[in-house]
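Here's the structure, in structure tokens; my notes come after.
The values are calculated or read from the model by the stated rules, or taken from the named source; none is laboratory data. Since we're looking at a predicted model, the values are computed, not measured. Positions of Cβ are backbone-derived with ideal geometry, glycine not excepted, and every protein chain shown enters the neighbour counts. What goes into the accessible areas is simple: the full protein's heavy atoms, side chains included, and nothing from ligands, DNA or RNA. Shrake-Rupley method; radii C 1.70, N 1.55, O 1.52, S 1.80 Å.
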Amino acid sequence: MPEQSPTSAPTPNGKTAMIIGAGPAGLMAAERLAGEGYAVTLYEGMPSAGRKFLMAGKSGLNITHSEDLETFLTRYGTARERLEPHLRKFGPAQIRDWCAGLGIETFVGSSGRVFPTAMKASPLLRAWLKRLDGLGCKIHYRHYWTGWNDAGQAVFKTPDSPTNGETTATADITILALGGGSWKRLGSDGKWMDILQNEGIKCTPFKPANCGFEVNWTDHLIDKCAGQPVKPVTLTCRTQTVRGEFVISKTGIEGSAVYAISATLRDQWLETGTATLTLDLAPDRTLEDVTARLAKPRGKNSMGNHLRKSLGLDATKTALIFEVTPRETLNDPAKLATAIKSLPIKITKPRPIDEAISTAGGVAWEELDETFQLIKRPGTYCLGEMVDWEAPTGGYLLSGCFVSSTLA
Ligand SMILES: Cc1cc2nc3c(=O)[nH]c(=O)nc-3n(C[C@H](O)[C@H](O)[C@H](O)COP(=O)(O)OP(=O)(O)OC[C@H]3O[C@@H](n4cnc5c(N)ncnc54)[C@H](O)[C@@H]3O)c2cc1C
């Protein structure tokens with residue numbers, strides 16, 4: 001698909017917009033506002049734009065999801081009500097059209113997730129920045145926002161300032177698109193939360209989302225299985241069950257199925273100080289079938305061979321069973337079958353927040369009107385991951401960041 005030439009600058013409306021944070025939420029806001037004739041200036045703390053977006057591109061850039069919109073909307077949980085009107089206006093179909101308009105073809109993967117054909121973010125980001133340039137947007141890099149001064153001006157720390165390392169700016173409207181609280185080295189350090197709270201704006205503390213968890217594995221399991229996938233498997237915590245695969249790490253568990261159930265697991269841990277994940281290692285067989293197969297004489301076969309031959313369980317699943325199952329259970333086919341169908345894995349805690357793919361928490365919904373404007377600070381809007389919503393992986397995070405910006 002040929003890349004389209006940048007949109008020509010629209011008729012100015014005589015108003016100015018300042019956008020702080022040049023991640024996907026801020027860039028989309030810039031495109032929208034410039035398209036409406038605002039003179040847009042972006043301020044970004046890092047030396048370049050969209051660093052987390054580029055990092056997301058390393059795993060293919062899952063930009064949205066192809067499932068029907070009703071199912072799609074359920075992924076936003078309690079934030080659905082607030083996001084839905086906007087997701088309906090700018091949802092998966094519009095995101096794919098928007099990519100196409102930038103010359104980026106997308107495809108639907110086997111899981112229904114949508115990716116750019118190139119499976120990376122850099123061509124899209126390049127085309128996007130070119131479009132913004134064509135729309136007349138200016139970007140000031142290395143401008144780190146530190147809050148507002150008494151005159152209500154935004155204050156930035158910047159090496160570009162010839163005087164005291166600080167500069168100020170004002171605009172008719174301000175968009176804060178400062179990101180969540182993970183992967184600080186990519187720019188979103190979450191320090192804006194203190195600034196807003198000092199202004200009397202309520203924020204919900206950050207929590208890791210789409211994160212791994214720690215398990216006290218024995219050295220034996222780590223030596224044998226660290227880095228190995230467990231699949232297929234279903235994972236259950238409370239009332240949520242997820243099918244897929246995950247990876248055993250030196251510190252615990254990570255990977256797509258763990259991320260999918262991570263909010264439930266995290267909340268159980270936060271509420272009770274402990275959390276348990278229940279695995280079904282033979283998700284395509286009934287308990288009766290597993291019991292009957294295990295009851296067959298194993299002759300001279302080791303238990304590992306018996307599990308492999310009778311149930312097709314690989315060495316990693318077998319090691320997991322040995323890791324958490326008492327010896328007497330191993331010798332009782334009925335008890336062993338129950339263990340295989342519901343293997344309890346005790347979680348000690350989530351991995352540190354900085355490692356999480358995203359964060360829950362952020363600017364509380366009650367502080368925002370339906371256009372994402374801060375009620376206590378008219379003319380200032382908050383967009384993207386810095387607002388208190390969360391969603392699983394699957395393209396829902398970026399979709400949520402893009403959607404919010406249609407409001408501005
Ligand atoms: C490894 C990884 C893989 C991911 N993969 C996917 C995926 O495939 N699909 C998906 O949907 N999502 C994915 N995500 C999540 C997605 O990248 C984020 O949800 C999204 O980037 C959030 O966009 P945002 O614009 O709100 O914030 P960010 O992308 O974090 O951008 C915020 C910007 O604000 C700047 N900033 C912060 N504070 C200041 C300040 N005080 N002054 C000036 N500038 C500031 C930051 O430098 C940054 O550029 C992934 C995340 C990670 C870490």
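With respect to the numbered conditions (1) more than 11 Å from the ligand (Cβ to nearest atom); (2) out of contact with any Phe, Trp or Tyr (no Cβ under 9 Å at 6 or more places or on another chain), which one is the sole condition not fulfilled by Glu31?
Against the list (1) more than 11 Å from the ligand (Cβ to nearest atom); (2) out of contact with any Phe, Trp or Tyr (no Cβ under 9 Å at 6 or more places or on another chain), Glu31 comes up short only on (2).
When you check Leu374 against the structure, is it at pLDDT 95 or above and either surrounded by fewer than 20 Cβ atoms within 10 Å (Cβ to Cβ) or closer than 26 Å to Ala154 by Cα (or both), yes or no?
In short, yes.
Please work out which one of (1) more than 9 Å from the ligand (Cβ to nearest atom); (2) open to solvent by 20 Å² or more (accessible area, probe 1.4 Å); (3) under 23 Å from the mean Cα position of the chain (by Cα) is the condition Pro10 fails and give its number.
Only one criterion in (1) more than 9 Å from the ligand (Cβ to nearest atom); (2) open to solvent by 20 Å² or more (accessible area, probe 1.4 Å); (3) under 23 Å from the mean Cα position of the chain (by Cα) is unmet by Pro10, namely (3).
Cβ-Cβ distance below 6 Å, separation of 6 or more or different chains: which pairs start in region 19-48 with a residue that is at negative phi and end on one that is of a type in the set (S, T, N, Q)?
Listed by first residue and then by second, the contacts come to Ala25/Ser405; Met28/Ser405; Ala29/Ser405; Arg32/Ser405; Ala39/Thr16.
Can you tell me which residue in region 385-401 is nearest to Val108 (Cα to Cα), limited to those that are of a type outside the set (Asp, Glu) and near the ligand (Cβ under 7 Å from one of its atoms)? Before you say what the answer is, go through the steps one by one.
Our first condition is that a residue be of a type outside the set (Asp, Glu); within region 385-401, this holds for 386-387, 389, 391-401.
Subsequent filtering for residues that are near the ligand (Cβ under 7 Å from one of its atoms) retains 386, 393, 395-399, 401.
Numbers: Met386: 28, Thr393: 15, Gly395: 11, Tyr396: 14, Leu397: 17, Leu398: 16, Ser399: 15, Cys401: 20 Å.
Only one residue tops the list, namely Gly395.
Working only within region 14-39, note down all residues that are in contact with a Gly (Cβ under 9 Å, 6 or more places away or on another chain) and closer than 20 Å to Trp192 by Cβ.
Listed by number, the residues that qualify are Ile19, Ile20, Gly21, Ala22, Gly23, Pro24, Ala25, Gly26, Leu27, Met28, Ala29.
For region 33-70, which residues satisfy the criterion of being over 18 Å from the mean Cα position of the chain (by Cα) and in a helix (DSSP H, G or I)?
Within region 33-70, Leu33, Ala34, Gly35, Leu69, Glu70 meet the criteria.
Can you tell me how many residues in region 314-371 are touching an Asp or Glu at 6+ places or on another chain (Cβ under 6 Å), farther than 23 Å from Ser249 by Cα and open to solvent by 50 Å² or more (accessible area, probe 1.4 Å)?
Residues flagged as touching an Asp or Glu at 6+ places or on another chain (Cβ under 6 Å), farther than 23 Å from Ser249 by Cα and open to solvent by 50 Å² or more (accessible area, probe 1.4 Å) within region 314-371 amount to 0.
Given Thr163, Thr168, Thr174, Thr204, which one is surrounded by 13 or more Cβ atoms within 10 Å (Cβ to Cβ), among the β-branched types (Val, Ile, Thr) and more than 27 Å from the chain's Cα centre (by Cα)? Give the steps one after another, and end with the answer.
Working: Thr163 fails: surrounded by 13 or more Cβ atoms within 10 Å (Cβ to Cβ); Thr174 fails: more than 27 Å from the chain's Cα centre (by Cα); Thr204 fails: more than 27 Å from the chain's Cα centre (by Cα).
Only one candidate passes the filter, namely Thr168.
Pairs under 8 Å by beta carbon, first residue at negative phi in region 230-258, partner among the basic types (Lys, Arg) and open to solvent by less than 50 Å² (accessible area, probe 1.4 Å), six or more apart or different chains?
Taking only residues 6 or more apart or on different chains, the pairs are Val230/Lys317; Val233/Lys317.
State yes or no: is Ala151 more than 9 Å from the ligand (Cβ to nearest atom), assigned to a loop (DSSP other than H, G, I, E, B), in contact (Cβ under 8 Å) with a residue 60 or more places away in the chain and not charged (D, E, K, R)? Walk me through how you get there before you give the answer.
Numbers: more than 9 Å from the ligand (Cβ to nearest atom): yes; assigned to a loop (DSSP other than H, G, I, E, B): yes; in contact (Cβ under 8 Å) with a residue 60 or more places away in the chain: no; not charged (D, E, K, R): yes.
When the stated conditions are applied, Ala151 does not pass them.
Only residues that are within 12 Å of the ligand (Cβ to nearest atom), more than 16 Å from Gly361 (Cα to Cα) and in contact (Cβ under 8 Å) with a residue 40 or more places away in the chain: list them for region 185-201, please. Break it down stepwise before answering.
First, the residues of region 185-201 that are within 12 Å of the ligand (Cβ to nearest atom): 185-196.
When the remaining residues are screened for being more than 16 Å from Gly361 (Cα to Cα), the result is 185-187.
Within region 185-201, Leu186, Gly187 meet the criteria.
Assess whether Leu124 counts as being more than 18 Å from Ile175 (Cβ to Cβ), open to solvent by less than 20 Å² (accessible area, probe 1.4 Å) and more than 23 Å from the chain's Cα centre (by Cα).
Details: more than 18 Å from Ile175 (Cβ to Cβ): yes; open to solvent by less than 20 Å² (accessible area, probe 1.4 Å): yes; more than 23 Å from the chain's Cα centre (by Cα): no.
Judged against the criteria, Leu124 is not a match.
Just one of (1) more than 21 Å from the chain's Cα centre (by Cα); (2) buried (at least 18 other Cβ atoms within 10 Å of the Cβ) trips up Lys300, so point out which.
Evaluating Lys300 over (1) more than 21 Å from the chain's Cα centre (by Cα); (2) buried (at least 18 other Cβ atoms within 10 Å of the Cβ) leaves (2) as the failure.
In region 209-266, how many residues are part of a helix (DSSP H, G or I) and crowded, with 22+ Cβ neighbours inside 10 Å? Steps first, answer last, please.
At the first step, the residues of region 209-266 found to be part of a helix (DSSP H, G or I) are 219-225, 256-266.
Filter once more, keeping what is crowded, with 22+ Cβ neighbours inside 10 Å: 225, 257-259, 261-262, 265-266.
Qualifying residue count, region 209-266: 8.
Quick grid of which residues meet (1) in contact (Cβ under 8 Å) with a residue 40 or more places away in the chain; (2) of a type outside the set (D, E, K, R); (3) more than 15 Å from the ligand (Cβ to nearest atom); (4) not assigned by TED's automatic domain parsing to the domain that holds Cys382:
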{"site": "Ala93", "(1), (2), (3), (4)": "no, yes, yes, no"}
{"site": "Arg96", "(1), (2), (3), (4)": "no, no, no, no"}
{"site": "Ser110", "(1), (2), (3), (4)": "no, yes, yes, no"}
{"site": "Ala121", "(1), (2), (3), (4)": "yes, yes, no, no"}
{"site": "Leu129", "(1), (2), (3), (4)": "yes, yes, no, no"}
{"site": "Thr163", "(1), (2), (3), (4)": "no, yes, yes, no"}
{"site": "Thr174", "(1), (2), (3), (4)": "yes, yes, no, no"}
